[in-house]
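Student: Structure below; questions to follow.
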Amino acid sequence: MIELTELTKTYGSSTVLDGVSLRIERGGVTSIIGPNGAGKSTMLTIIGRLLASDGGRVTVDGMDVDRAPGREFAKRLSILRQENQFTTRLTVRDLVRFGRYPHSQGRLTAEDHAQVEAALGFLDLVPLAGRFLDELSGGQRQRAYVAMVLCQDTDYVLLDEPLNNLDMKHAVSMMRQIRRAADSLGKTVVVVIHDINFASAYSDRIIAMREGRVAYSGTPAEIMTSEVLLDVFDLEVRVEEVGGARIGVYYR
Amino acid sequence: MSAEQDVRPEQGEEQARGPRRLGPRTVPAWARIAALAALAVLCAALYLTYGVSGNVAYVVERRTTVVLTMLVVAFAGAVSTVLFHTVTDNRILTPSIMGMEALFVLVQTCLVFVFGIAGLSALPPVAAFLSQTALMVVFALLLFQRMFTGGIGSLHLTLLVGIVFGVLFNSLSRLMQRLLDPNEYDALQGRLFARLTRADADLLPWVAVAVVLVGIYVWRRHRLLDVVSLGRETAVNLGVDHRRVAVRMLMIVALLVSVSTALVGPMTFFGFMAATLAYQVAGRHEHRYVLPTAFLVGLCTLVGGQFVLEHVLGHAGTLSVVIEFTGGALFLYFLLRKAAR
């Protein structure tokens, strides 16, 4: 369980997180939605201990994020930011191998190699494994990054806008793979996502943020209503039931 | 429907691009390193033995000192730059841009200014070297202590601070140099200009020990460095205490820069050249390949360059000037290529 207590973060005079208290239970896919500047990515980054908070506490299975030993924490929770550019030239397999670092400190065992191949297979990257990242399309590269954090084999996987720069087909395939990671690998996946309909169709829980606070939290059925979405996004959204999922229509 | 089906057209795209060109993987990295090592040994052997006449013992001893100096300088320049690149997650900026060599110049100028040339000669070279190194490391500590606090911009802020310090140190040095007696100024210039063939032989054993210790320390952490080179966020995600590693590695960089500058004076672009060529030559990202390759590229450049300069071009110039020129040109090329992207 990820537990946030009175989490605050300010940049200069602007408050990005304003005393967020929240529980994310184990298992399933949790989506964080909200308008730009609501503090979604900041919250995710603090949980992933890439950014220090100004107040409050984050614990993951009782481990305090600020004090947990880095290596132990890295075996329990992994985070992927949206912008990943490496100065070094890596192949897909090189990158995925790095996911095993918390477990083997760079000396890969037979089990580590098996995990690497499994992660490559899980994201259909086997034919591309020998390619350099800069030779791949954006969608393929995104899959390679996700393969690395899956290879890290943590209970919790945090993904910051994993659908960024993906076309429809690749976005759907990415969400399916995220769903599969939660269902068949038993991961707890937390994603920051902009598209409310992807959040609705693929998550077990949705957390809606606004102005540095958690405004609503619940199942897709509870969050995907015109009233809630109007309150969160300040936009009229017509919600309809399409193919078993609640879809928001807001284009015109 | 499985995700596999979604991917198949993409694979077709991949195949349509044709077979992979002869890439960095066709010659294994260890073979490249072996070839470089052989080249370095060849250069050294040529330099040591070519056209030896007269007092053979004296000539060989003098040339051995030069080669040993070049070994240390190549190691310090190449390794410090690669470490700096790794820790700062960039491949353009070098330690000298952090004001380290400018600090060296300032310390030298201060010494001449305060004690005069006579006073400077009175100080034992080893004591002078130790105090300079200590000053450099203290400077690095002061500068980096408040860095890596997790804010995204803090590294760039530190680099900016480094540049400002560099300008400040240079201005202070220049001010003092204006006030110097012309004879002392002349002597100072002699000390500041890199001369690989006139290094202080007394210092060599000291710096050799320091360099070997640093070499062992760094080598034992080559896998950690691989992770650090992925950048702060990825390294932290993989459980690395990035701040601690970065501060320690930057202290080592300060130590190596001071070793090199104390021995032969500032060589701003030598490290950049060795590291940049090594990234291309090694063809692999792992530090266990990059570090030895950078060292050997640097060594071949220094020893081979000195040989060509002395015996082919007939002492037509100073090696450091040639290296600075080519290194500087390479730096500009990479800077412009990066800007064009």
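Student: Please check: in the Gaussian network model of chain A (C-alpha springs, under 10 Å), which one of A:144, A:199, A:171 has the largest mean-square fluctuation.
Tutor: Looking only at A:144, A:199, A:171, the largest GNM fluctuation is found for A:171.
Student: Which of rounded, prolate or oblate describes chain A when judged by the alpha-carbon gyration tensor and an a/c cut-off of 1.5?
Tutor: Since a/c reaches 1.5 but b/c is at least a/b, the shape of chain A is classed as oblate.
Student: What is the set of long-range amide H partners of residue A:187 at a cut-off below 5 Å, with H atoms built 1.01 Å from backbone N?
Tutor: Long-range HN contacts for residue A:187: A:182.
Student: Take B:49, A:225 and order them by how many other Cβ atoms sit within 10 Å, fewest up front.
Tutor: By the 10 Å Cβ count, ascending: B:49, A:225.
Student: Please order B:218, A:191 by the number of other Cβ within 10 Å, starting at the fewest.
Tutor: So the ranking, lowest neighbour count to highest, is B:218, A:191.
Student: Applying 1/(1 + (r/R0)^6) with R0 = 35 Å to the Cβ-Cβ distance of residue B:181 and residue B:161, what FRET efficiency is obtained, to the nearest 0.05?
Tutor: With R0 = 35 Å, the Cβ-Cβ based efficiency is 0.55.
Student: Let me ask something else. Which of rounded, prolate or oblate describes the stretch B:174-288 when judged by the alpha-carbon gyration tensor and an a/c cut-off of 1.5?
Tutor: Verdict is prolate for the stretch B:174-288.
Student: Name the residue, out of A:11, A:202, A:145, whose mean-square fluctuation peaks in a Gaussian network model built on chain A with Cα pairs under 10 Å.
Tutor: Among A:11, A:202, A:145, the largest mean-square fluctuation in the Gaussian network model of chain A belongs to A:11.
Student: Using the per-residue mean of other Cβ atoms lying within 10 Å as a proxy for protection, in what order, highest first, do the peptides A:213-223, B:174-184 fall?
Tutor: Averaged packing, sorted descending, gives the order A:213-223, B:174-184.
Student: What does the charge count near residue A:210 come to, summing +1 for each Lys or Arg and -1 for each Asp or Glu among other residues with Cβ under 14 Å from its Cβ?
Tutor: -3
Student: How long is the gain from residue B:39 to residue B:62 if the chain were fully straight, where each residue apart is worth 0.36 nm and the alpha carbon distance is subtracted?
Tutor: 6.1 nm
Student: In addition: Would you mind giving the mean number of other chain beta-carbons within 10 Å of the Cβ of each residue in B:223-234, as a whole number?
Tutor: Rounded to a whole number, the mean comes out at 5.
Student: Now, a different point. Given Cα pairs under 8 Å that are at least 6 residues apart, what percent is the relative contact order of the stretch A:148-209?
Tutor: 39 percent
Student: A follow-up question, please. Does the stretch B:29-340 come out rounded, prolate or oblate, given a ≥ b ≥ c as the square roots of the eigenvalues of its C-alpha gyration tensor, rounded meaning a/c under 1.5 and, failing that, prolate meaning a/b above b/c?
Tutor: The shape class here is oblate.
Student: OK, next. If you count the DSSP beta bridges with both ends in the protein assembly as shown, what percent of them are antiparallel, to the nearest 5?
Tutor: 60 percent
Student: How big is the protein assembly as shown by the Kirkwood estimate over distinct Cα pairs, in Å?
Tutor: 26.9 Å
Student: According to a simple spin-label model (label point 7 Å from Cα along Cα-to-Cβ), what is the distance in nm between residue A:250 and residue A:222?
Tutor: So the label points at residue A:222 and residue A:250 sit 2.0 nm apart.
Student: Can I ask one more? Net charge within 13 Å of residue A:81 by Cβ-Cβ distance, Lys/Arg positive one each and Asp/Glu negative one each, not counting residue A:81 itself?
Tutor: -1
Student: Next question. How far apart, in nanometres, would the label points at residue B:325 and residue A:21 be if each is projected 7 angstrom from Cα along the Cα-to-Cβ direction?
Tutor: 7.2 nm
Student: Quick one: Cα centre-to-centre distance for the stretch A:1-74 and the stretch B:24-64, in angstrom?
Tutor: 57 Å
Student: For the protein assembly as shown, with only Lys/Arg (+1) and Asp/Glu (-1) charged at the beta-carbon, what is the dipole magnitude about the Cα centre, in debye rounded to 20?
Tutor: Dipole magnitude for the protein assembly as shown comes out near 1280 debye.
Laboratory data are not the source of any read-out in this text; all were calculated from the coordinates shown. As the structure is a computational prediction, the values presented were derived from the model and not from experiment. Please note: Cβ atoms are built from the backbone with ideal geometry, for glycine as well, and neighbour counts cover all protein chains shown.
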